[in-house]
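The values are calculated or read from the model by the stated rules, or taken from the named source; none is laboratory data. As the structure is a prediction and not an experimental result, all values here were calculated from the model. Quick reminder, even Gly has a Cβ in these numbers, built from the backbone with ideal geometry, and neighbours come from all protein chains shown.
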Amino acid sequence: MSFEALKRNRGTDISQLVKAAEAAGAGGGEKKNYDDERIWKPTVDKAGNGYAVLRFLPAAEGSELPWVRYWDHGFKGP
């Protein structure tokens, strides 16, 4: 995908993302609770601190939405 194509489609890409996010949030859907070994998590030090460097890439040609829906919740016990 060329830079010119990205510039031309930037308005439509955002509107598609907004519509998909609204539809995903309104549906509720079935809640699944399981661990996925394919998801990378940073290693932490003794204090529990970790870090990561993220690099955002443009969506591949032919993909409808350039995002993945993912939740991760952490709770601190008593």
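Assorted remarks:
- Subset of region 2-30 [more than 18 Å from residue 65 (Cβ to Cβ) and at pLDDT below 75]: 28, 30
- Any hit, region 44-52, residues being farther than 30 Å from residue 7 by Cα and among the hydroxyl-bearing types (Ser, Thr, Tyr): yes
- For the condition modelled with pLDDT of 75 or more and part of a loop (DSSP other than H, G, I, E, B), residue 33 does not qualify.
- Annotation: residue 71 fulfils all but one of (1) modelled with pLDDT of 80 or more; (2) under 18 Å from the mean Cα position of the chain (by Cα); (3) over 30 Å from residue 2 (Cα atoms); the unmet one is (1).
- Entry remark, region 1-25: residues being part of a helix (DSSP H, G or I) and free of Cβ contacts under 8 Å to residues at least 40 places away in the same chain number 17 in total.
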